[in-house]
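Below: the structure, in structure tokens.
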Amino acid sequence: MYIDKKFILFLAFFVYISISNTIAQTSTSTDWSQVKVDQLSDSDLAKMQGQLQGSGMTPEQAKQMALSKGLPESEWGKLKTRLSKSGGANAGKQGDNNTTVMPAVERETTPSDYKSTPKTSTSNIFGASFFDSESLSFEPNLRIATPVNYVLGPDDQVEISVSGYQETNLETTIGPEGTIAIPQVGTISLSGLTVEQATARIRAKMSSTAYGSLRNGTSNLIVSLGKIRSIHITIVGASKPGNYTVSSLSTVFNSLYLCGGPGDINTYRNIELIRNNKVYQRIDLYQFLTKGDQSGNILLKENDVINFPVYKKHVTINGEVKRPGVFELKEGESFENLLFFAGGYTDKAFRASVKVKQITDTQRQIKDILKAGFATYIPSNGDIFQVDAVLERFENAVSINGAVYRPGQFELTPGITISGLIKKAGGLMENVFTDRAILSRSYPNGIKENITFNVTNVINGGAADIPLIKRDSITIATATQFISNYKVQILGEVKKPGQFDYRENLTLKDLFFMANGFTDAASSYHVEISRRFVSERSNKSADTIAKVYDISTAKTLTIENDKFVLKPYDVVTVRRNPGYVEQERVTISGEVNYPGSYTIQSKKEHISDLIRRSGGLTSQAYPGGIFLVRKDIDTTGQRQTVRNIQNSIKDTSAKVIQDVARTNDRIAINLKQVLEAPGSIQDYILENGDSVQVLKLDPLVKVSGEVLASTKTGYIDGKSLKYYITQAGGTTDNARRRKIYVLYPNGLVGRTHNGLFGLFRSYPKVVTGSEIVVPRKLDTQGMSVAETVALTSTVVSLVTLIIVAISNLK
């Protein structure tokens, strides 16, 4: 409870002092309504702590004073919460003799830039990339608790707080003489003392003067560092050498990163910290980079010098190591140390020896270092080590392939033979070829040999069971390897035509069975079998290339009389029964009494027969509107023929091909001739899929195209084409009158005929239900001004020549 009161009192005076100072800097007004507590920095808070000394204002008085100046109630609450958190963080842990050492506080940083841009190094020396990382700064932690072994010196700021029976809070800075001055206490010398020693000295001095309550324990003392001092160090031999001002909490590693690490020719292994002109500490960065050892990372002091001497030994290791590159070695370190720095071998490394290229006084030489000498071989400066990969071969392996259950490589055990390796491989498969197998052997002198053996005899003891040696390979074949993959083929009227695997004793009916039997259209009395002609001797005069058998067989698939046995590559063709005809159908629709689908009764059924079977025409039927639609089976060949003709005459129009590509053709029917002369050439014979359509009488005539208004108008017998165009408002300016045509209901087309020079025109006749189409003029490009002038000049010249010629004749 007493601590809360203390922080409230602190809060009140902080508001009074800090806000007054802030507003005084920006305006002479005393209006605090615009003050934002969130904008006050932690350094403002720290600066105001010393100004609370000696205040006699109560917390309520401080609050009323702040609110009267215009500070909003919400800002007062924010400030109270913020400082309460700060006070809670600063609440120290009470120790012996009622003395508390202050925990972590916010301190200002020193002028040094610990986040300077790292160097961009192209060096492949191990450790160089450590100083290239932008995420690594080694910035000293200024928020840590005051180290008890921290040695005070001039410019260090000491914060002293007494709480309890007596209270005071003050900040003071150690002067150049190493002393501080405390009101009513006097001068105390602190230079050269640790924080712990300085706390004891301050407590003794204060308790013997104005703060006797510290002696009997009714008051507590807290001593901490505020703003720490800066120190000056010198760095030589670095990537960025020079003089640096750093925090007195900085360590050696802080400075190493600050200066960018060693230069290109300087050491990573023997960095010197020089203090008072003597080497105080030697730092080996490899111990930190490989083991995380920071034993050399000590605090810096004023005028310390960090020296990076020139390296003495660089060696290179390449190949199958986890961290290849260039490494710095100390005197006495062996290849084993180098291998440790390189992370050891990869999984594929050859470990029996390594190659090293050494530098002599005149040239290079190569040397092999055996595994036994790794610990004793001391590399020289410039050595290049190569760790090769292990060979992709086995020193104790034999292999077996082919007709065994587990083919592959196996261990060469002492005394293993061919039969023993077959047992290791799971034994022989059922389809093994036992008459011959091959043992392939390679001797150390490079000679290769094939040893053949009978598999059955070796296993049964009928032949020598050959002992195996290193890299022997056995190949055992399967019986199917020596059998051709024969096929037979069946075509024609079977349900599943195609190729089938040949089997011994495969009969003709077996093949019918495999093809799911005959279709209904099959003729079993005319089955053709073609067989390859094979002759042991070449006869150039022979013309026979195949043998053909014509077989008559029953359609039943019983095994009786199943005599004909097929041979490989036979082709069986089941012909179609010439007496088998599938039903064909045609349709008739429109104005007939019984429209629908009809079966063709004979190969010579005509349109007149279909009209008769459908009950004849209705009273609404239009005799001039009957046509036949016939679907073409395939127009691909026709289209290709038309395309070839167009290519030859260089015709690029696509309209002709599009017309050829139509799958249905409307064929006009002359009903009068069909009914008067049944069976005539105009009474067409029907085909499967034909469709006869009888249109209803249409009393209208349609006019479309380049007319003022496309329309339909009633048909009047005897009226000409011009009459109907007039009914549509006449033609437009773009009308092509010479090409007017009429579409008749039965699909025929009537065109306009033009007489001499287009002076006389004969228009097609118009019937009921027809459509008059007025086409559009072709788009033509007019002559340019230059072309018009040129043409005019030419005409004038010709006229002039004619006049001159006539004058000469006179």
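The values are calculated or read from the model by the stated rules, or taken from the named source; none is laboratory data. Note that the structure is predicted; figures quoted are calculated from it, not measured. Neighbour counts run over all protein chains shown; Cβ positions are idealised from the backbone, glycine included.
Couple of notes before you dig in:
- Checking each residue in region 569-589 for being more than 25 Å from Ile626 (Cα to Cα), in contact (Cβ under 8 Å) with a residue 24 or more places away in the chain and more than 59 Å from the chain's Cα centre (by Cα) picks out Asn577, Pro578, Tyr580.
- Subset of region 586-624 that is part of a strand (DSSP E or B) and of a type in the set (Gly, Ala, Ser) - its residue that is nearest to Asn670 (Cα to Cα): Gly624
- Qualifying residue in region 254-269 (condition: outside the structural domain of Pro154 (by TED's automatic domain parsing), surrounded by fewer than 18 Cβ atoms within 10 Å (Cβ to Cβ) and free of Cβ contacts under 8 Å to residues at least 40 places away in the same chain): no
- Selection within region 315-328 - of a type outside the set (Val, Ile, Thr) and surrounded by 16 or more Cβ atoms within 10 Å (Cβ to Cβ): Gly319, Glu320, Pro324, Gly325, Phe327, Glu328
- Residues in region 299-311 that are part of a loop (DSSP other than H, G, I, E, B) and of a type in the set (A, V, I, L, M, F, W, C) were compared, and the one that is modelled with the highest pLDDT is Phe308.
- For the criterion of being under 30 Å from Val310 (Cβ atoms) and not hydrophobic (A, V, I, L, M, F, W, C), Gly212 fails.
- Filter result (hydroxyl-bearing (Ser, Thr, Tyr) and in contact with a strand residue (DSSP E or B) (Cβ under 7 Å, 6 or more places away or on another chain)) within region 410-433: Thr417
Residues checked against (1) β-branched (Val, Ile, Thr); (2) crowded, with 18+ Cβ neighbours inside 10 Å; (3) in a helix (DSSP H, G or I):
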{"site": "Gln184", "(1), (2), (3)": "no, no, no"}
{"site": "Gln197", "(1), (2), (3)": "no, no, yes"}
{"site": "Arg203", "(1), (2), (3)": "no, yes, yes"}
{"site": "Arg215", "(1), (2), (3)": "no, no, yes"}
{"site": "Ile222", "(1), (2), (3)": "yes, yes, no"}
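Listed here are the residues, each with its yes/no results for (1) outside any loop (DSSP other than H, G, I, E, B); (2) surrounded by 15 or more Cβ atoms within 10 Å (Cβ to Cβ).
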{"position": "Lys330", "(1), (2)": "no, no"}
{"position": "Glu333", "(1), (2)": "no, yes"}
{"position": "Lys357", "(1), (2)": "yes, no"}
{"position": "Ile369", "(1), (2)": "yes, yes"}
{"position": "Phe385", "(1), (2)": "yes, yes"}
{"position": "Val398", "(1), (2)": "yes, yes"}
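- Boolean, Gly260 is part of a loop (DSSP other than H, G, I, E, B) and either at positive phi or over 49 Å from the mean Cα position of the chain (by Cα) (or both): yes
Listed here are the residues, each with its yes/no results for (1) at pLDDT 65 or above; (2) farther than 19 Å from Lys496 by Cα; (3) hydroxyl-bearing (Ser, Thr, Tyr).
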{"position": "Val534", "(1), (2), (3)": "yes, yes, no"}
{"position": "Ile559", "(1), (2), (3)": "no, yes, no"}
{"position": "Val565", "(1), (2), (3)": "yes, yes, no"}
{"position": "Tyr569", "(1), (2), (3)": "yes, no, yes"}
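- Residue check, Ala515 crowded, with 18+ Cβ neighbours inside 10 Å, more than 30 Å from Glu411 (Cα to Cα) and modelled with pLDDT under 90: no
- Whichever residue in region 414-441 is assigned to a strand (DSSP E or B) and among the basic types (Lys, Arg) and, among such residues, is nearest to Gly402 (Cα to Cα): Arg436
- For region 312-327, the condition of being part of a helix (DSSP H, G or I), farther than 30 Å from Asp156 by Cα and out of contact with any strand residue (DSSP E or B) (no Cβ under 8 Å at 6 or more places or on another chain) holds for none of the residues.
- Selection over region 699-709 of residues that are surrounded by fewer than 16 Cβ atoms within 10 Å (Cβ to Cβ) and either within 59 Å of the chain's Cα centre (by Cα) or free of Cβ contacts under 8 Å to residues at least 40 places away in the same chain (or both) gives a count of 3.
- Residue that is surrounded by the fewest Cβ atoms within 10 Å (Cβ to Cβ) [pool: residues in region 562-604 that are among the hydrophobic types (A, V, I, L, M, F, W, C), in contact with a helix residue (DSSP H, G or I) (Cβ under 7 Å, 6 or more places away or on another chain) and under 30 Å from Thr507 (Cα atoms)]: Phe564
- Flag not set for Thr726, criterion: assigned to a strand (DSSP E or B) and free of Cβ contacts under 8 Å to residues at least 24 places away in the same chain.
- Taken together, the criteria place Ala352 among residues that are over 25 Å from Gln287 (Cα atoms), of a type outside the set (D, E, K, R) and touching a helix residue (DSSP H, G or I) at 6+ places or on another chain (Cβ under 7 Å).
- Close pairs from region 461-487: first closer than 18 Å to Asn401 by Cβ, partner of a type in the set (Phe, Trp, Tyr) and surrounded by fewer than 15 Cβ atoms within 10 Å (Cβ to Cβ), Cβ under 9 Å, at least 6 apart: Ile469/Tyr443; Lys470/Phe394; Arg471/Phe394
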